[in-house]
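Notes to accompany the following structure.
The values are calculated or read from the model by the stated rules, or taken from the named source; none is laboratory data. The structure displayed is predicted, hence computed values, not measured ones. Every residue, glycine among them, receives a Cβ derived from its backbone with ideal geometry; neighbour counts consider all protein chains shown.
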Protein chains: 2
Amino acid sequence: MEKFLQEAKAASRVLNTLSGAEKNGILKEMAAALRANTMELMEANAKDMADGEKNQLSSALMDRLFLDEKRIDAMAVAIEEIAGLKDPVGRVLDGWVTEDALKIEKVSIPIGVIGIIYESRPNVTSDTAALCFKSSNVCVLKGGKEAENSNRAIAKVLQATLEKNNLPRELISLIPDSSREGVAKLIKMDKYVDLIIPRGGEGLIKYVSQNATVSVVKHDKGQCHTYIDKDAKMEDAVKIAVNAKVQRPGVCNAMETLLVDKAIAKEALPKLKEAFDKEHTDLKGCSLTQEIITVAHASDEDFDTEYLANILNIKVVEGVEGAIEHIVRFGSGHSEAIITENITTAESFLNGIDAAALYVNASTRFTDGGAFGFGAEVGISTNKLHARGPMGIEGLTTYKYKIYGKGQIR
Amino acid sequence: MEKFLQEAKAASRVLNTLSGAEKNGILKEMAAALRANTMELMEANAKDMADGEKNQLSSALMDRLFLDEKRIDAMAVAIEEIAGLKDPVGRVLDGWVTEDALKIEKVSIPIGVIGIIYESRPNVTSDTAALCFKSSNVCVLKGGKEAENSNRAIAKVLQATLEKNNLPRELISLIPDSSREGVAKLIKMDKYVDLIIPRGGEGLIKYVSQNATVSVVKHDKGQCHTYIDKDAKMEDAVKIAVNAKVQRPGVCNAMETLLVDKAIAKEALPKLKEAFDKEHTDLKGCSLTQEIITVAHASDEDFDTEYLANILNIKVVEGVEGAIEHIVRFGSGHSEAIITENITTAESFLNGIDAAALYVNASTRFTDGGAFGFGAEVGISTNKLHARGPMGIEGLTTYKYKIYGKGQIR
C-alpha cells in the first residue's frame, strides 16, 4: 500500500504540466472510450449482478448496481459535462501589493492525492475520477465490494485513455487492498494522501473520522427540520413541508422533523395531517401534537433518528425560540428551514442556528450542488471547515501564495 | 472535562447576540483591565519566574516568560489593535440567485469552540483570547506549565471583564486539566470542540495531529529553501540569502538550505561564503560545494533538519529542475524562494513546487500575517486545507448559506 501511494503521489506532479485544453481533450476521450466499451462494461457488471443475486442484495441495491447502455451513456455524458466546466485550478483568488511592495497572488491549486471511499453505484467511479482529473488531483478510489467487477472495468477504460496520452495510470487508481485493513491503512497515510472523502453509511464515516490522520471531508447524515411559524402563509407551509419530506425521503436533505408554532398548531396540524395522509406518510408527534391530531408518539429517540423513509416527527414548539432550541439540540448542521412572512423572525432563525444551509420559505431539498448552480457535485459536506454544504469541484482545490519581489529583505 | 466543554459550547451561542460595537467595547475594557492589574500580573509572573529559575529554564525561555510593565502594556495595545480590525463574521462572502429564483448568501460565521495549545509566552493568552472573542469564538486555552500562574492571572482579568458585561466567563477558558491526559481528552471532544490549533514543538504537533478527532490546523516546522538561479542578480541573491538565514534564525520562515545553480556555483559560492562568514553562519555543503569553498559536509540528514539556528546547508543543483527536485524531496511546504531575472524559470519554480508561499526575488522571512497585511496573526498554518500559510483572523471563521425563497419546492 505504501509503495502504491508513493507512486500515486509521484504521479501527481505530471498533472501540473497539462493545460486545461489537454485535460478536457483527455476527458472527452474517456467519455468516448466508455461508450466504445459498453459491451465489456456490461459483461463485468453482469458478474456483479449475479454475485448480488447470490448474496441476496435488496432490490434497491441491485437497481443502484445495475448498468445498461443508457446508464453507461449517462456516465459518458457526465464526463463530457465535467470537461465543459471552467478549470478550477490556476485561478487568481485574490491579489494585492503589500506595504513592502511585494506583489502577492493567491492562486487555486489541486489538493494532491484524494482518497474516496464510496458504495454501490458504479457511476461514482467515473464521476469522481473525472472530477479529480479535471481539478488536477490524483484519485485513489475504494468502491463497494458488490460493484468490484464493474468498478475495475470502468477504471481499466479510463486508465487505458491515460496511457494512450502518455500519462501514468496511477492518476486514477483503485485501492490495491480493498479490505477493511486496506482502508485502515489508507486513512493513516498522511505522508502521501492529502484528503479522504468518505461517502456512505454512518458506520463507515464514523470509523474514518475517528481513525484517519489524513484530513477528512465527511458526507454524513442530515437531521433536517422545517419550522412553520405563526406568520407563515399556510398554503406555502403545507406545500413546502410535504415536498421536504416526500419528494425523495431517502436522501440527506429530506426533512425528518416538522416543528409547528404553538400559536397556530390547532389550525395547522389538521391541514398538515390531511396533506401527509395523501402521501401515506407515517406520522409521529409530541404530546401536544397528539392532543390535536391522532398520531403515534414521537420520543426523543425519534427526534434523533434520520429515517431516510416516508416517516415524519411533528413537534409543537413555543415560537421561533422553541424551534431554535429543538434544532440546536437535535439538528446535524445540514439543512434547516423556516416558513414565515415575518422578516425579524426569519433573521432570528438564520442567525440562531449553525447549519450549512438555512432556508426561508423554501424546501430543504434544494441543498445540492446542482440546485446551488455549482455544476457537477462532489457531494454534500457535513464538515464545518474546508468545504461546507454542497461541494462543487472547487472543493477539490486549495491554494498557494505566489509572491513577486525585486530584492526585498526584512 | 466533558461538562466543562459542554458549558463552553453552550456559552458560544451568546456570542451571536453581540454587535461588533459591543465586542469592540468589551475588548477595550479588557485592555484597560490588563493595564489596571499590572501589579497583580507581575506578581503572578514572579512566581513563574521563580519556578523557572528553580527548574533551570534556559535564558531564552526565561526571557519569553518574563512580564514587566512594558510587556503588559504591549499586550493591552495588541488587544486594542484587534478591537480595531473589521468584524470577520457576518460578511457576505458570495451571493447569487439560482435558476429556481432562490437568493443565496454565503455568510462568514464563527467556527464555534476553538482549543489552542501553546507554550511559554504569556502574551499568547491575551492575544488568542482577544482574536477568538473578536471573531465570536469561544476559546479553550492550554498554555505551557511554566507560565501557569501568569496565564491564570491574565485569564482572570479577561473573565472579570466578561462578567462585568453579563457574559459567561466560559467564553475565555483555561483548560481545567492541563496535564498530558487533559490534552488527550480535549483533542477527542469533537462533539464540543470545532477546531484545535497546536503551536509548539514538533512532538506536540505530531501527537495532536495523530490523535485528534477534532479538526486540527497545525503550526508546524518550516524547512525553507532559497534557490539562486544562473540568471540571478548576484547582489540581490547574496542580500536575500543572508537575510533569509540570519535576520531571525529561530523562526519557521527562516531558510535552512541554500540551493545554487551549478552554472554559477564557482562565481557565487565564494561571494556567499564571504557574506555568511561576516554573520558567523555555520556553513555545511554538498561535495560539489566542498570542491569550491571550504565548509563542513552536509548529509541528507542535514538537508532534512530545521536548525532554527545560524547554521546553513548549501547544495549545488542542476538548474531550476534540480532545485525543484530537492525541494519536493526535503521541503515542508512552508516558504520557498527563487532568485532569478528569467520569467520562464521563475514560473517553473512557482508552478513546480507545492508550498504555502513561493517567492521570486524576495526573502522567505516575509511569510507572516503582518507582512502579508492581514493585521493580527493567529499563526502560520502548515495545513493544506482550511487555512494555509499566514493565518489572519479570517482563519477563525467558517461560513453558512442563507437561502431566501418564496415557496419554492422541488
Subject >> Residues located in the range B:130-150, provided they are touching a Pro at 6+ places or on another chain (Cβ under 6 Å) and part of a helix (DSSP H, G or I) >> reply: B:A147, B:S150
Original post:
Can you find a residue in the range B:286-300 that is under 27 Å from B:G333 (Cβ atoms) and among the acidic types (D, E)?
Top reply: yes
Original post:
Is it the case that B:I228 is among the hydrophobic types (A, V, I, L, M, F, W, C), under 28 Å from B:E394 (Cα atoms) and either touching a residue at least 60 places away in the same chain (Cβ under 8 Å) or in contact with an Asp or Glu (Cβ under 8 Å, 6 or more places away or on another chain) (or both)?
Top reply: no
Subject >> Complete set of residues in the range A:262-290 that are under 15 Å from A:G322 (Cβ atoms) and polar (S, T, N, Q) >> reply: A:S287, A:T289
**OP:** Name the single residue, out of those in the range B:386-397 being facing another protein chain (nearest Cβ under 7 Å) and surrounded by 22 or more Cβ atoms within 10 Å (Cβ to Cβ), that is farthest from A:T98 (Cα to Cα).
**Re:** B:R388
**OP:** Among residues belonging to the range A:92-120 that are over 30 Å from A:V138 (Cα atoms) and charged (D, E, K, R), point out the one that is surrounded by the fewest Cβ atoms within 10 Å (Cβ to Cβ).
**Re:** A:E99
**OP:** Quick one: which residue in B:I82, B:I116 is within 19 Å of the chain's Cα centre (by Cα), assigned to a strand (DSSP E or B) and of a type in the set (A, V, I, L, M)?
**Re:** B:I116
Original post:
Which residue out of B:V107, B:V77, B:V89 is away from chain A (no Cβ under 11 Å) and touching a residue at least 24 places away in the same chain (Cβ under 8 Å)?
Top reply: B:V77
Original post:
Looking at the range B:398-409, is at least one residue touching a residue at least 40 places away in the same chain (Cβ under 8 Å), crowded, with 21+ Cβ neighbours inside 10 Å, more than 7 Å from chain A (Cβ to nearest Cβ) and among the hydroxyl-bearing types (S, T, Y)?
Top reply: no
Original post:
Which residue, of B:A36, B:A31, is surrounded by fewer than 15 Cβ atoms within 10 Å (Cβ to Cβ) and free of Cβ contacts under 8 Å to residues at least 60 places away in the same chain?
Top reply: B:A36
Original post:
Restricting to helices (runs of 4 or more DSSP H) lying wholly in the range B:304-379: which have 1 or more residues that are within 14 Å of chain A (Cβ to nearest Cβ) and more than 25 Å from A:E99 (Cβ to Cβ)?
Top reply: B:319-330, B:343-352
**OP:** State whether one or more residues within the range A:44-56 are without any contact (Cβ under 8 Å) to a residue 12 or more places away in the chain and surrounded by 13 or more Cβ atoms within 10 Å (Cβ to Cβ).
**Re:** yes
**OP:** Determine which member of the set A:D51, A:D127, A:D73, A:D100 is in a loop (DSSP other than H, G, I, E, B) and either of a type in the set (G, A, S) or assigned by TED's automatic domain parsing to the domain that holds A:R199 (or both).
**Re:** A:D100
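Is one or more of the residues making up the range B:285-294 within 12 Å of chain A (Cβ to nearest Cβ), surrounded by 21 or more Cβ atoms within 10 Å (Cβ to Cβ) and of a type in the set (V, I, T)? Quick ask: steps written out before the conclusion?
Initially, the range B:285-294 is screened for residues within 12 Å of chain A (Cβ to nearest Cβ), giving none.
So far as the range B:285-294 goes, no, none of its residues is within 12 Å of chain A (Cβ to nearest Cβ), surrounded by 21 or more Cβ atoms within 10 Å (Cβ to Cβ) and of a type in the set (V, I, T).
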Original post:
What pairs can you find where one residue is in the range B:1-19 and among the β-branched types (V, I, T), the other is part of a helix (DSSP H, G or I) and surrounded by 16 or more Cβ atoms within 10 Å (Cβ to Cβ), and their Cβ atoms are less than 8 Å apart, with a gap of 6+ or different chains?
Top reply: B:V14/B:L171
Original post:
Do we have B:Y118 as among the hydroxyl-bearing types (S, T, Y) and within 14 Å of chain A (Cβ to nearest Cβ) here?
Top reply: no
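For B:K271, state whether it is in a helix (DSSP H, G or I), surrounded by fewer than 22 Cβ atoms within 10 Å (Cβ to Cβ), among the charged types (D, E, K, R) and away from every other protein chain (no Cβ under 14 Å).
So B:K271 passes the test.
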